[in-house]
Amino acid sequence: MKKIRFILVGGFLGAGKTTALCRLAKYFTDKGLRVGLITNDQADNLVDTHLVRIEGFNVEEIPGGCFCCKFNDLLKAADNLIAKVKPDVILAEPVGSCTDLVATVIKPLKLYHKDNFKVSSYTTLLDPRRAKDMITSGTLGGFSKNVAYIFKKQLEESDIIALNKIDKLSHTQSYGMLSLLKKRFPKSKIIGVSSRTGKGFGHWIDLVRTEKSGSNILDLDYDIYAEGEAELGWLNSVVELCAKSPFSTEKFLRALTLRIKNSLKEIPAEIAHLKLALSTGLGNSLIHLTRSSQGLEFFRKESGRSLKARLIANARVHVDPESLRGIFTDVLNKLCKEEGIGFRILSQQYFRPGRPVPVYRIR
């Protein structure tokens, strides 16, 4: 059997992994290659999976823990893609709060499944605002030192560090940040990319194609790692909306996201990533923000005016999950009452991630 190229792209919450993987998938598809994607989270009903599907790509979702703890599920997801798509390339996106992926995912794939996969260089995507916090102060604005520890370790184990969203930086800003990253992380290739525009993707793909992967194995304190993950509150919710007269779904989505943001700001609780997707018969609208001080940003605006809609909400916030659930439910209830919209929560999960227990850890 021909070996499948396996490309793992990590990065902290909000780094732009899903957008990057969709652009990579389009690149390989345009080259005539078959592509499958695997998304991953601590819970199911992911906005990321929804986005990949509406982009037209085949995707498998692994909930309930990171690839390291769900390694056998990762193999099953790959098998499912092989059966459905016969992919030449598999693109995989781990949970944004996970690290130690070289020792727990890449090394086991290379050791035990080398006949099936060509494992490419491991990339960590980096948000420039988070990068600036880490480079200038050694901290992660709004987060504890334990969460900052995870962020730093994600970068240390990377074959490639890709500074994302450089389209939002001036040439001087991007050059200065890339230079600092090269000094701070000399074992990694440092590049600049834009998942939105495709800038830098040609160089990135050339680097990714190499199989010199997994050389930076971490010296990791799992107690600090587990404490850092457990400080983040997780919420995944699916909601059915129904009104007596058509309402502007995009106006609703913007108002809901802004009110959640403002309510969290009052606590205060730093947002790692807040993503909401709303679907109607007309299409899909997606909105997100990656920190409490950021403005709202739409991915898509296609859902129009409708009587009915389906909402998927994913929130990762530095706050206890019960408070996060209470804020989301309260804001949703008040906004729907004001707009004359009925709602029904179909699914809701809220929790703190448990301690990582990898299936393998090969040093």
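Would a scan of the range 5-14 turn up a residue that is surrounded by fewer than 21 Cβ atoms within 10 Å (Cβ to Cβ), more than 13 Å from the chain's Cα centre (by Cα) and at positive phi? Working first, answer last.
Quick first cut of the range 5-14, residues surrounded by fewer than 21 Cβ atoms within 10 Å (Cβ to Cβ) only: 5.
Checking which are more than 13 Å from the chain's Cα centre (by Cα) leaves us with 5.
Adding the requirement that they be at positive phi leaves none.
Within the range 5-14 (the criterion being surrounded by fewer than 21 Cβ atoms within 10 Å (Cβ to Cβ), more than 13 Å from the chain's Cα centre (by Cα) and at positive phi), the answer is no, since none of the residues qualifies.
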Any hit, the range 206-217, residues being β-branched (Val, Ile, Thr), assigned to a helix (DSSP H, G or I) and modelled with pLDDT under 95: yes
Answer yes if at least one residue in the range 334-341 is touching a Lys or Arg at 6+ places or on another chain (Cβ under 9 Å), assigned to a strand (DSSP E or B) and not aliphatic (A, V, I, L, M), and no otherwise. no
So, in the range 81-104, exactly how many residues are touching a strand residue (DSSP E or B) at 6+ places or on another chain (Cβ under 7 Å), over 16 Å from Pro63 (Cβ atoms) and assigned to a loop (DSSP other than H, G, I, E, B)? 2
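Kindly indicate whether Lys17 is surrounded by 24 or more Cβ atoms within 10 Å (Cβ to Cβ) and either in contact (Cβ under 8 Å) with a residue 60 or more places away in the chain or over 26 Å from Val357 (Cα atoms) (or both). Please lay out each step first, then the result.
Details: surrounded by 24 or more Cβ atoms within 10 Å (Cβ to Cβ): yes; either in contact (Cβ under 8 Å) with a residue 60 or more places away in the chain or over 26 Å from Val357 (Cα atoms) (or both): yes.
In short, yes.
If we scan the range 121-129, do we find a residue that is closer than 23 Å to Val208 by Cβ, part of a helix (DSSP H, G or I) and under 20 Å from the mean Cα position of the chain (by Cα)? So that I can check it myself, show each step before the final result.
In the first step, residues of the range 121-129 are kept if they are closer than 23 Å to Val208 by Cβ; the result is 121-128.
Filter once more, so that each one left must be part of a helix (DSSP H, G or I): 128.
Still in the list and also under 20 Å from the mean Cα position of the chain (by Cα): 128.
Scanning the range 121-129 turns up at least one residue that is closer than 23 Å to Val208 by Cβ, part of a helix (DSSP H, G or I) and under 20 Å from the mean Cα position of the chain (by Cα).
Can you tell me which residue within the range 31-80, out of those that are without any contact (Cβ under 8 Å) to a residue 12 or more places away in the chain and not in a helix (DSSP H, G or I), is nearest to Asn314 (Cα to Cα)? Let's see the steps before the verdict.
To start, the set of residues in the range 31-80 that are without any contact (Cβ under 8 Å) to a residue 12 or more places away in the chain comprises 31-32, 53, 56, 73, 76, 79.
If we keep only those that are not in a helix (DSSP H, G or I) as well, we get 31-32, 56.
Working: Lys31: 33, Gly32: 33, Gly56: 21 Å.
Out of the qualifying residues, it is Gly56.
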Could you tell me whether any residue of the range 70-87 is within 15 Å of the chain's Cα centre (by Cα) and at pLDDT 95 or above? no
Residue list for the range 251-270, filter: under 21 Å from Ile345 (Cβ atoms) and surrounded by 19 or more Cβ atoms within 10 Å (Cβ to Cβ): Phe252, Leu253, Leu256, Thr257, Ile260, Lys261, Leu264
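The values are calculated or read from the model by the stated rules, or taken from the named source; none is laboratory data. Predicted model, so just to flag it, every value in this text is computed and none were measured. Glycine also receives a Cβ, built like all others from the backbone with ideal geometry; neighbour counts cover every protein chain displayed.
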